[in-house]
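In what follows, a structure is listed as structure tokens, so that the remarks can point back to it.
The values are calculated or read from the model by the stated rules, or taken from the named source; none is laboratory data. Since we're looking at a predicted model, the values are computed, not measured. Neighbour counts are summed over all protein chains in view; Cβ atoms, including those assigned to glycine, are modelled from backbone coordinates with ideal geometry. Surface areas here come from the heavy atoms of the whole protein model, side chains and all, with no ligands, DNA or RNA. Shrake-Rupley method; radii C 1.70, N 1.55, O 1.52, S 1.80 Å.
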Amino acid sequence: MPETIEVNTVRQLIRPGYRVFVQAGVGEPRDIIATLAAETDHPGQADDAAVEYLTVSIPGINAALAPRTLHRGSHLCSTFMHAGLDGGDTHRPIRFLPLHYRDTSRLLQAGKRFDVALIQLAPPDAEGFCSLGISVDFVPAILDKCDCIIAEINPQMPAPACSPRIPLSAIHYRVDVDHPLPHSEADVPGATELAIARNVADLIDDGCCIQIGIGKLPGGILRQLADHRRIGLHSGLLSDGARDLIEAGVVTGECKSIDRGRHVTGMAWGSAGFYHWVQRQPDIVFRPVDYTHDLRTLAAIDQFISINSVLEVDLNGQANAETVNGQQVSATGGLLDFARGARASRGGKSILALPATAMRGSRSRIVPRLSSPITTLCRADVDYVVTEYGCAALFGQCTEARAQSLVDIAAPDYRDELWQAWENA
């Protein structure tokens, strides 16, 4: 059985040269992370003895672990970049790993072993098993790749019936904590988001299975599905908006070709009340990334529709979801996994939904060419691009027809210059 330790002793178990996995998402072990703060610096520690921390920090959810919160003689690797993670610390930069979500799982499973893993679990049940709760994603991929597992045992972590469990005896040290999970109230979509959502909803047929993210726009899209029927869910994240549709009988999963009648996700993210609700839903199934984002899984789901957003789309149909003014602000995440999964699905669709402009209308998101040399989605990966001005159907269209369709859904003030740029290219 694991040894129970105080949270302030965790740092002593992490030695120079160690490689450490830190869970992110809603399962972020925040009390343990707080013990890694700078007051435990070891000045002069050699670079070859540095501690390497690896995480998959998610924008809008995780901010506790960052270079500024880590002790001297350490560095942080992440497959995501965002403002909360970076914090503008130029002296201790993050080592960014550009990976798709499915490939992140593959790296964890097939890469070098970890000396320590820092995770969070629900308390053990009567059989001595701890649930991974509502934040599964990458934890199963590293359990057999760690020499030492240190787990926060948090009674505020829900234990849904269909979430993976591990025996308490599989962990080496337990830290008993009692803190709320990261949470957020549902974002209220504005007029632009609702206009985009109506256009997206027109592309979704009854009986299909959708993947969708979190935020104002995804929330607006879910609202517009209230009159649909027999919808299925298979996604990396599940939000408050999904609850409304499940309770209304819109999302049933009854037509899914796999996991019929079940709503599959890797993590729940929303309000505290939503977490309590999720725990009581036997039809919500939590699975790791090597299932939720795997191409073979997604291709087996008939009429699978991926719905995602990006920062900009150029007139070739290429998309950038990662950089602004040359700075990495996000990552590929699961975007390409789901887009290509939808393309491989029988009757599937890959949809990009975004406002036509940014910066209060001063900048078009439909652009002649991407502002960055980094392309997140190539032009052959997308079926539909949707803005508040309409829908551009790109699949099977020649390059000029694709460009014209994209100009037609740009903000009216930018259409002439966009078409002129295309003709002069």
Residue count, the range 149-180, condition closer than 15 Å to Ala34 by Cα and either part of a helix (DSSP H, G or I) or not charged (D, E, K, R) (or both), comes to 6
Looking across the range 258-270 at residues that are among the hydrophobic types (A, V, I, L, M, F, W, C) and in a loop (DSSP other than H, G, I, E, B), the single one that is surrounded by the most Cβ atoms within 10 Å (Cβ to Cβ) is Trp269
Checked the range 238-257 for anything out of contact with any Gly (no Cβ under 6 Å at 6 or more places or on another chain), open to solvent by 10 Å² or more (accessible area, probe 1.4 Å) and either in a strand (DSSP E or B) or among the small types (Gly, Ala, Ser) (or both); matches are Ala248, Gly249, Ser257
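Does Ala392 fit the bill of being modelled with pLDDT of 95 or more, aliphatic (A, V, I, L, M), part of a strand (DSSP E or B) and open to solvent by less than 30 Å² (accessible area, probe 1.4 Å)? Explain how you work it out, then say what you get.
Working: modelled with pLDDT of 95 or more: yes; aliphatic (A, V, I, L, M): yes; part of a strand (DSSP E or B): yes; open to solvent by less than 30 Å² (accessible area, probe 1.4 Å): yes.
For Ala392, the condition - modelled with pLDDT of 95 or more, aliphatic (A, V, I, L, M), part of a strand (DSSP E or B) and open to solvent by less than 30 Å² (accessible area, probe 1.4 Å) - is met.
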Condition set among the acidic types (Asp, Glu) and farther than 16 Å from Leu168 by Cα, scope the range 86-144, selection modelled with the lowest pLDDT: answer is Asp89
Of the conditions (1) out of contact with any strand residue (DSSP E or B) (no Cβ under 6 Å at 6 or more places or on another chain); (2) closer than 15 Å to Leu370 by Cα; (3) open to solvent by less than 40 Å² (accessible area, probe 1.4 Å); (4) among the β-branched types (Val, Ile, Thr), the single one that Val324 does not satisfy is (3)
Output for Cβ contacts, cut-off 6 Å, separation at least six or different chains, first residue among the charged types (D, E, K, R) in the range 139-161, second open to solvent by less than 50 Å² (accessible area, probe 1.4 Å) and assigned to a strand (DSSP E or B), reads Lys145/Phe114; Glu152/Gln120; Glu152/Val175
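Free of Cβ contacts under 8 Å to residues at least 12 places away in the same chain, outside any loop (DSSP other than H, G, I, E, B) and either open to solvent by 30 Å² or more (accessible area, probe 1.4 Å) or not aliphatic (A, V, I, L, M) (or both): which single residue out of Gly273, Gly341 fits that description?
Only one candidate qualifies: Gly273.
Please specify each residue of the range 402-420 satisfying the condition of being more than 31 Å from the chain's Cα centre (by Cα) and open to solvent by 30 Å² or more (accessible area, probe 1.4 Å). Break it down into steps so the answer makes sense when it comes.
Restricting attention to the range 402-420, the residues satisfying the condition of being more than 31 Å from the chain's Cα centre (by Cα) are 404, 412-420.
If the condition is that a residue be more than 31 Å from the chain's Cα centre (by Cα) and open to solvent by 30 Å² or more (accessible area, probe 1.4 Å), then Gln404, Pro412, Asp413, Tyr414, Arg415, Asp416, Glu417, Trp419, Gln420 are the ones that fit.
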Considering the range 1-25, residues that are touching a residue at least 40 places away in the same chain (Cβ under 8 Å) and of a type in the set (S, T, N, Q), and then whichever is nearest to Gly128 (Cα to Cα), we arrive at Thr4
Within the range 37-65, of all residues that are in contact with a helix residue (DSSP H, G or I) (Cβ under 6 Å, 6 or more places away or on another chain) and more than 24 Å from Pro288 (Cα to Cα), the one modelled with the lowest pLDDT is Thr40
Picked from the range 161-217 (must be polar (S, T, N, Q) and surrounded by fewer than 20 Cβ atoms within 10 Å (Cβ to Cβ)), the residue farthest from Asn8 (Cα to Cα) is Thr192
